[in-house]
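Colleague: One structure, pasted below without further comment.
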Amino acid sequence: MASHERTPTDRRAAHERLSTGALARWTALCARHPWRVIAGWLAIVVVLVGLVAGVGGGLRDEFEIPGSDSQRATDLIESEFVAEQGAVLNIVFAAPPGERLDTPERQGAIREALRALRSQEYAPTADRAGIVSVDNPFTPETWSGDRRIAYAEAQFDQTIEPADRDAVVAVEDAVRNVVEPAGVTVEYNGEAEFPPVEQGTAELLGILAAIIVLLVVFRTFVAAMIPIFLALAALGTAFLLLFILAGFTDVNTITPVLVSMIGLGVGIDYSLFIVTRFRQLLHDGLTPRAAAAEAGASAGRAVVFAGLTVAIAVAGLAVIGLDFITKLGVGSALGVVTTVLIANSLLISVLALLGHRVDRWRVPFMRRLDDSEAARERTLVARWGRFVTAHAKVVFPVVLVAILGLAATSSLVRLGAADQGTQPTEQTSRRAYDLLAQGFGPGFNGPIPIVVDVNDDPQAPQEIYRSVQGTPGVATVRPPQFNNDRSVAIVFVTPTTRPQDEATDRLVDELRDQVVPAATRGGDAVAYVSGQTAAFKDIADRLTERLPLFLLFIVGVTFILLAMAFRSIVISLKAALTTVLSAFVGFGVLTLVVQEGYLLGLTGLDVTGPIETFVPPIAFAILFGLSMDYEVFLMSRIREEHVHGLPTREAVEHGIAAIGRVVFAAALIMGTVFAAFILSPDRVSKEFGILLAVAILTDALVVRLTLVPALLTLLKERSWYIPGWLQRALPRLTIEPPHDGEGRQAPVPERVTAGAGTGQRRR
């Protein structure tokens with residue numbers, strides 16, 4: 001036990017120091033007028049619901065890469081090929097293995113199904129997206145050599161948004177009902193076939209896991225359910241804001257998954273910290289209103305700072321210069337913003353109303369939790385903290401080497417676009433992908449369009465067509481397809497390899513750097529190599545170009561904020577570097593699982609593939625903000641102990657004893673919420689779930705509760721070093737709440753006498 005252990009009188013005096021400042025006045029106001037706060041939030045929700053009904057919009061995937069070849073090609077196609085503005089649905093027909101489609105019965109069924117599509121007999125209402133044309137599947141180009149597989153392209157009269165999903169399903173059902181009785185399997189892919197992002201199951205599993213952890217932490221049902229209700233309230237508010245935002249700009253369909261993932265995690269975690277502090281203050285004798293106000297002024301202050309770091313991290317995404325990445329980050333931050341606002345107002349009011357009833361409905365067969373400071377010193381996490389500080393010279397290098405070794409696996413990562421062949425086999429687009437690959441080759445699913453702006457050089461498209469034919473890695477090339485005035489042409493190139501293969505990446509580079517420039521040399525035509533593979537290469541190039549500035553912004557600004565708050569460049573530098581380490585551990589594990597295939601079956605996937613290009617920057621920004629939560633909550637308590645007179649080692653031990661159990665529980669909750677999204681059928685959701693779950697658990701349990709305490713113990717008082725000139729230059733921003741008189745004891749708050757339940761009070 002540390003030699004600087006405080007006496008009960010010392011502990012009592014520390015709790016009797018009232019917080020001051022604007023936040024303390026606000027939380028005191030919320031605690032005194034709880035019903036007004038509750039009514040105010042109800043009014044806000046009603047207004048938001050009205051705004052959603054009036055100006056809210058739907059979700060729409062829009063990926064623009066300004067200044068890139070793929071974006072210029074897309075712009076040319078959209079402006080010059082008017083007839084192809086609608087989405088395409090690939091209808092893939094297949095006979096059973098070993099059989100053929102060219103029997104009279106099967107061909108007749110397919111022709112009848114396509115005739116019904118052309119006449120739109122499948123659509124009972126006129127307001128649906130409709131089919132304007134359907135190709136003939138029985139041509140040499142659309143019929144496999146063994147006559148087992150054929151496909152037809154059905155052109156819709158408009159792009160397909162999530163709201164049009166029922167029109168696509170109607171088309172698919174109409175064809176399936178006609179051809180399946182004839183023994184023909186039919187599957188679908190293309191722009192029009194995208195399954196809606198499923199939500200509900202992962203969130204429910206995350207909530208159930210969080211309830212179990214909260215019951216263990218609090219030992220009462222009332223206390224355990226408060227963070228759940230707050231998280232759901234914050235999440236609901238965030239979704240209202242999201243759909244209001246969608247009314248003014250494009251919001252991608254993956255955004256709600258990120259909102260749910262982040263909103264549930266921080267919603268439960270932030271309220272967990274405040275409720276824990278509230279119960280500690282109650283058990284130390286404060287009245288419900290005083291305890292609620294003080295919990296908001298202390299733990300709530302750390303919540304505000306943690307939310308601020310998330311906002312800064314998300315703002316850094318704008319540096320990359322890709323609008324859809326910035327919007328994904330902004331959308332994912334909505335859950336954090338609403339949680340911070342609700343936690344520091346509505347939660348304070350609810351706690352003031354509940355008072356000692358927060359300890360009602362005790363969990364059976366579990367011992368009543370003693371939340372006093374003396375009891376916290378005897379917990380397992382407190383003993384762990386003392387073990388780490390006592391063996392810091394061994395713990396620090398061992399843990400650091402282990403983390404560096406795991407983080408090093410992130411060097412194996414290959415960014416790109418995983419094709420539909422990596423999706424779960426339950427999806428029709430995956431089955432259609434497999435059939436087309438079997439019938440027409442692996443590269444058929446990822447054609448590379450070369451868009452040619454003729455510019456008074458009418459021979460350029462034909463020259464490109466001839467030049468590409470002899471290029472290694474090219475399976476077939478289609479003759480140029482011109483628009484109506486023959487000013488723009490498209491040359492479709494089919495590679496010999498899958499869209500996600502590295503060989504396809506190299507083919508795109510060769511076409512861009514050698515083949516196309518040679519074919520257009522000496523003329524005025526301009527050609528752009530496009531397609532999914534090229535687009536994701538363009539995204540990767542933009543990320544590589546802007547990554548240093550992105551990291552400098554996030555790490556630099558957060559470093560300055562933490563230096564202002566903790567008055568130590570050592571603490572702020574340590575926080576930035578260890579968070580980067582945690583992020584690379586997450587990237588490394590994601591790479592090993594999704595790209596290299598280790599434990600892949602546990603994710604519900606059966607095929608490996610590259611990591612989606614946009615996942616790392618978004619995950620890093622979110623992770624950097626969330627990991628600061630644990631840094632702020634733990635270090636603010638350690639600094640509070642240090643400011644009150646304890647040396648660094650003893651401050652670390654008391655800080656871990658006071659807040660370590662809550663950090664541990666919060667990390668389990670957030671990690672479990674993220675991990676639940678691995679069960680989602682969507683591959684990108686799985687990637688975010690794996691990366692964030694691993695990184696958060698590593699950051700909280702290994703870095704914050706093990707590596708950092710060992711480092712602070714080794715550094716001792718040097719942990720709080722800051723140059724004098726920087727101390728004077730930085731504005732003062734404290735995370736621990738200010739108190740009356742800068743060390744002078746404030747008036748003692750109203751306290752309940754020992755012997756709770758008597759109703760007697762003393763001053």
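Readers should treat all values here as calculations from the given coordinates under stated rules, not as data from a laboratory. The structure displayed is predicted, hence computed values, not measured ones. Every residue, glycine among them, receives a Cβ derived from its backbone with ideal geometry; neighbour counts consider all protein chains shown.
Colleague: Please give the helix 323-343 orientation as an angle from the longest Cα principal axis of the chain, in degrees from 0 to 90, rounded to the nearest 10.
Modeller: Here the helix axis deviates by roughly 30 degrees.
Colleague: Additional query: Give me, ordered by chain and number, the residues 5 or more places off A418 or on other chains with an amide H under 5 Å from its own placed amide H.
Modeller: E612
Colleague: Starting with the highest mean, order 96-108, 451-463, 274-286 by the number of other Cβ atoms within 10 Å, averaged over the residues of each peptide.
Modeller: By packing density, highest mean first, the sequence is 274-286, 451-463, 96-108.
Colleague: Sort F324, F664, F587 so that the residue with the fewest other Cβ atoms within 10 Å of its own Cβ comes first and the one with the most comes last.
Modeller: Starting with the residue having the fewest Cβ neighbours, the order is F324, F664, F587.
Colleague: Subtracting the Cα-Cα distance from 0.36 nm times the residue separation, let me have the gained length for A39 to T425 in nm, one decimal.
Modeller: Difference between extended and current length: 134.1 nm.
Colleague: Treating the beta-carbon of each Lys and Arg as +1 and of each Asp and Glu as -1, no other charges, what is the dipole magnitude of the chain about its Cα centre, to the nearest 20 debye?
Modeller: Computed about the Cα centre, the dipole is about 5140 debye.
Colleague: Order by neighbour count: M628, M225, fewest other Cβ atoms within 10 Å first, most last.
Modeller: Final ranking by Cβ density, sparse to dense: M225, M628.
Colleague: Here's something else I'd like to know. If you take the beta carbon distance between F81 and L549 as r and set R0 to 25 Å, what does 1/(1 + (r/R0)^6) give as a FRET efficiency, to the nearest 0.05?
Modeller: Numbers: r = 37 Å, r/R0 = 1.46.
After rounding to 0.05, the efficiency reads 0.10.
Colleague: So, one more: About the Cα centre of the range 87-189, what is the dipole size in debye to 20, counting +1 per Lys and Arg Cβ and -1 per Asp and Glu Cβ, all else neutral?
Modeller: Numbers: 10 positive and 18 negative charges, 60 e Å.
Here the size comes out at about 280 debye.
Colleague: Quick one: S68, S487, S332, fewest Cβ neighbours within 10 Å first, how do they rank?
Modeller: S487, S68, S332
Colleague: Under the classification rounded if a/c is under 1.5, otherwise prolate if a/b is larger than b/c and oblate if not, where does the range 87-189 fall, given a ≥ b ≥ c as square roots of the Cα gyration tensor eigenvalues?
Modeller: Because a/c hits 1.5 or more and a/b exceeds b/c, the range 87-189 counts as prolate.
Colleague: With n ≥ 4 as the cut-off for DSSP H runs, can you work out [θ] at 222 nm for the chain, using -39500 (n - 2.57) per run divided by the number of residues, rounded to the nearest 500?
Modeller: -18500 deg cm²/dmol
Colleague: Run the numbers for R165 and T249: contour at 0.36 nm per residue of separation, minus the present Cα-Cα distance, in nm.
Modeller: Value of the extension gain: 28.2 nm.
Colleague: Can you give the extra length, in nm with one decimal, that the chain gains between Q462 and F138 once fully stretched, where that is 0.36 nm per residue apart less the Cα-Cα distance?
Modeller: Going from the current span to full extension adds 113.9 nm.
Colleague: From the phi of every residue in the range 304-311, what ³J(HN,Hα) in whole Hz does the Karplus formula 6.51 cos²θ - 1.76 cosθ + 1.60 yield, where θ is phi - 60° and glycine or proline is x?
Modeller: In residue order, the calculated couplings are 4, 5, 5, x, 5, 5, 5, 4 Hz.
Colleague: Among 692-704, 143-155, how do they line up from the highest to the lowest mean number of other beta-carbon atoms within 10 Å?
Modeller: Packing order, densest peptide first, comes out as 692-704, 143-155.
Colleague: Amide H neighbours of T220 under 5 Å, counting only residues 5+ apart in sequence or on other chains, H built in-plane at 1.01 Å?
Modeller: The list, which skips near neighbours in sequence, is V363.
Colleague: Helix 34-55 against the longest principal axis of the chain: what's the angle in degrees, Cα atoms only, rounded to the nearest 10?
Modeller: 10
Colleague: Next question, about the same structure. Put +1 on the Cβ of every Lys and Arg and -1 on every Asp and Glu Cβ in the chain; which of T220, Q532, A87 then has its Cα farthest towards the positive end of the dipole?
Modeller: Going by the Cα projections, it comes out as T220.
Colleague: Excluding P610 itself, what net charge comes from residues whose Cβ is under 13 Å from its Cβ, given Lys and Arg +1 and Asp and Glu -1?
Modeller: Local net charge: -3.
Colleague: Okay, moving on. For the residue pair D157 and D606, what label-to-label distance in nm results when each label sits 7 Å from Cα along the Cα-to-beta-carbon direction?
Modeller: Each label point lies 7 Å from its Cα, and together they span 4.0 nm.
Colleague: If you don't mind, another one. What is the sum of charges, Lys and Arg at +1 and Asp and Glu at -1, for the other residues whose Cβ falls under 14 Å from the Cβ of Y270? Don't skip to the answer; put the middle values down first.
Modeller: On the way: positive: R277, R301; negative: D269, D629.
Result for the local shell: 0.
Colleague: By how many degrees, between 0 and 90 and to the nearest 10, does the Cα long axis of helix 255-283 differ from the longest principal axis of the chain?
Modeller: 10
Colleague: Between the alpha-carbon centers of the range 274-323 and the range 458-496, tell me the distance in whole angstrom.
Modeller: 59
Colleague: Give me the orientation-averaged projected area of the Cα convex hull of the chain, in nm², one decimal.
Modeller: Mean orientational projected area (the chain, Cα hull): 38.0 nm².
Colleague: I'd like the distance separating the alpha-carbon centroids of the range 618-696 and the range 142-167, in whole Å.
Modeller: 46
Colleague: Could you state the per residue volume, in Å³, of the convex hull enclosing the Cα atoms of the range 450-520?
Modeller: On the way: hull volume 5.4 nm³, N = 71.
Taking the convex hull of the Cα positions in the range 450-520, it is 76 Å³ per residue.
Colleague: So if we plug the beta-carbon distance of R362 and L577 into 1/(1 + (r/R0)^6) with R0 = 51 Å, what FRET efficiency do we get, rounded to 0.05?
Modeller: My answer for the efficiency is 0.75.
Colleague: Between rounded, prolate and oblate, where does the range 178-322 land on the alpha carbon gyration tensor, with a ≥ b ≥ c its root eigenvalues, rounded for a/c under 1.5, else prolate if a/b exceeds b/c? Working shown, then result.
Modeller: Details: a/c = 3.73, a/b = 1.86, b/c = 2.01.
Here the range 178-322 falls in the oblate category.
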